[in-house]
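In what follows, a single structure is set out as C-alpha cells and then discussed.
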Amino acid sequence: MSIKKVVVAGGGVLGSQIALQSAYCGFDTTIWLRSEGSIERTEAKLEKFKNAYLEDLEAMKTDESAYCRGLIKKEDISDEKIEELKEQVINAYESITLTTSYEEAAKDADLIIEAIAEIPEEKIAFYQELAKYMPEKTILVTNSSTLLPSTFAEYTGRPEKYLCLHFANSIWKNNTAEVMGHAGTEQKYFDEVVKFAEDINMIPLEVKKEQPGYILNSLLVPFLEAATHLWANEVADPETIDKTWMLATGAPAGPFHIIDIVGLTTLYNIASMAPEAKDPDSIQAKKLKLIKEKIDKGELGISAGKGFYEY
C-alpha cells in the first residue's frame, strides 16, 4: 500500500501541525472538524504554523542554531533551496482541505490520524461514526498522548489496522513520531505507518509493547505532574518553579512553559483521569480547580496567547 491521502481528525495544536507537515511533504491532506467554528479556529492555527515554518526557514540562512530537522536536511541548506522550500510551505498551506463531513473526509483516505481530545467517550463516538464511511484500505491511527490503543480497537471496525502514531510538539523542529500497536495490530500496517512517519521527515521511534504515554510522555507527564503539585500545594509559584528547573539543569524551558506549549486543556484532561482527582480534599482536585479557572478565562496556553505566561 502506498499512502497518498491523509486525513487528520482534529485541528488543535498538534492536529494542525500534523496536517501542515503532511501537506508540506507532498501528501493530499484533509482536516476533519466538528463544526464551522472549529474550521475558523483551525484556519488561524494553520496560518500561525505556516508563518513559523517560513520564519524558521529564513532564519536558517544565517543562524545554524535555527536548524529544523523536519524541514530540510542539513547538507541541503542553501539560500536557493530555502526559497524553494518557502514556496513549498505556502503551497502546502493553501492545499489543505477543511471539512465537517465524515463522508468527504474519509472518501479514498489511505491514512486517518485521530487527534481529538483526550476524552475516551469522545474518541469512541468518533470511531463508531467514522467506521460507517472509511474504505476497507484505510489505516487508522491515534495521536493520543496517554491512552492505549487496545482501549479503542474494538470500536474502530478495523482493529488490525489500528495503532498509535504520537508526535512531539513543534514537529517541524522536534521531529519524533512514536509508533505503537496493540496485540491485534498487523505488522504490515505498523510498518506502513513507520514508513509514513519517515516520509513526512519524522524520526520513527518504534515502541515494542503498549505503554501508557509511550516513551516521551512516560517521562514528561510525571515531570509536569510534579510541577503542578508544587504549585497547587503552594510550595512555589509557576515562575519560580520554572526558574529553578532552568537554572539548575540548563534546560531552555521549565515545566509551566512546556504546559503552555502542550495546552492547558490537554493537561486538565490527563490530570482528570487520576484516581485521586475524585477526592475533593486532595491536591489533585485542587490542581484541577486551579487549571479549570485558567481554562475558563481563556488562558489555554500559547495557542490562545496566554497560559501561565503571555505570548
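What follows draws every value from the coordinates through simple rules; no lab data is involved. Everything numeric here is computed off the predicted structure, so don't read it as measured data. Glycine also receives a Cβ, built like all others from the backbone with ideal geometry; neighbour counts cover every protein chain displayed.
Peptides 207-219, 5-17: what's the order by average Cβ count within 10 Å, highest mean first?
The packing order, highest mean first, is 5-17, 207-219.
In the P(r) worked out for the chain, what percent of Cα pairs fall beyond 27 Å?
Beyond 27 Å sits 44 percent of the P(r) for the chain.
Would you calculate the separation in nanometres between label points at Arg41 and Met273, each defined as 7 Å from the Cα along the Cα-to-beta-carbon direction?
2.0
From the backbone phi of the range 6-14, what are the Karplus-calculated ³J(HN,Hα) couplings (6.51 cos²θ - 1.76 cosθ + 1.60, θ = phi - 60°) in whole Hz, Gly and Pro given as x?
Each residue's phi maps through the Karplus curve to give 10, 10, 10, 9, x, x, x, 4, 7 Hz.
Suppose R0 equals 22 Å; then what is the FRET efficiency for Val235 and Ile261 from their Cβ-Cβ distance, rounded to the nearest 0.05?
Step by step, r from the Cβ atoms, then E = 0.45.
Net charge near Leu224: determine it from the other residues with C-beta under 15 Å of the C-beta of Leu224, scoring Lys and Arg +1 and Asp and Glu -1. Could the numbers behind the result be given before it?
Working: positive: Lys287, Lys294; negative: Glu118, Glu225, Asp242, Asp260.
That works out to -2.
For the range 216-304, state the average projected area of the convex hull of the C-alpha atoms over all orientations, rounded to one decimal in nm².
On the way: hull surface 23.4 nm².
Reported value for the Cα convex hull: 5.8 nm².
Ordered by residue, what ³J(HN,Hα) values in Hz, to whole numbers, does the range 28-45 give under the Karplus form 6.51 cos²θ - 1.76 cosθ + 1.60, where θ = phi - 60° and Gly and Pro are x?
Each residue's phi maps through the Karplus curve to give 5, 10, 10, 10, 8, 9, 6, 8, 5, x, 5, 4, 4, 5, 5, 4, 5, 5 Hz.
Calculate the dipole size of the chain relative to its Cα centre from +1 charges on Lys and Arg beta carbons and -1 charges on Asp and Glu beta carbons; express the result in debye to the nearest 20.
Using Cβ point charges on Lys, Arg, Asp and Glu, the chain gives about 500 debye.
Take each of the peptides 119-125, 226-232, average the number of other beta-carbon atoms within 10 Å over its residues, and list them starting from the highest.
Details: 119-125: 14.0, 226-232: 18.7.
Going by the mean number of other Cβ atoms within 10 Å, highest first, we get 226-232, 119-125.
With springs only between Cα atoms under 10 Å, which of Glu186, Glu58, Glu80 fluctuates most in a Gaussian network model of the chain?
Glu80
Rounded to whole Hz and in sequence order, give me ³J(HN,Hα) for the range 286-297 from the Karplus expression 6.51 cos²θ - 1.76 cosθ + 1.60, θ = phi - 60°, writing x for Gly and Pro.
Values per residue, Gly and Pro as x: 5, 4, 4, 4, 5, 5, 4, 4, 5, 4, 5, 8 Hz.
Please name whichever of Ala253, Tyr268, Ala197 sits farthest to the positive end of the charge dipole of the range 170-274, dipole taken about the Cα centre and charges placed at Cβ: Lys and Arg +1, Asp and Glu -1.
After comparing all options, I get Ala197.
I'd like the distance between the alpha-carbon centres of the range 235-262 and the range 37-67, rounded to an integer number of Å.
24
Lys4: net charge of surrounding residues, Cβ under 14 Å, Lys/Arg +1, Asp/Glu -1, itself excluded?
Counting the neighbours of Lys4, the net charge comes to -1.
How much of the DSSP bridge set in the chain is antiparallel, in percent, rounded to the nearest 5?
20
What dipole magnitude, in Debye to the nearest 20, does the range 66-150 give about its Cα centre under +1 on Lys/Arg Cβ and -1 on Asp/Glu Cβ?
Using only the charged Cβ atoms, the result is roughly 280 debye.
Would you list the P(r) distribution for the range 7-60, with all Cα-Cα distances sorted into 5 Å bins from 0 and each bin expressed as a whole %?
4, 21, 29, 24, 13, 5, 2, 0
Note down the nm distance, to one decimal, between modelled labels 7 Å out along Cα→Cβ at Lys289 and at Asp63.
That separation, rounded to one decimal, is 4.3 nm.
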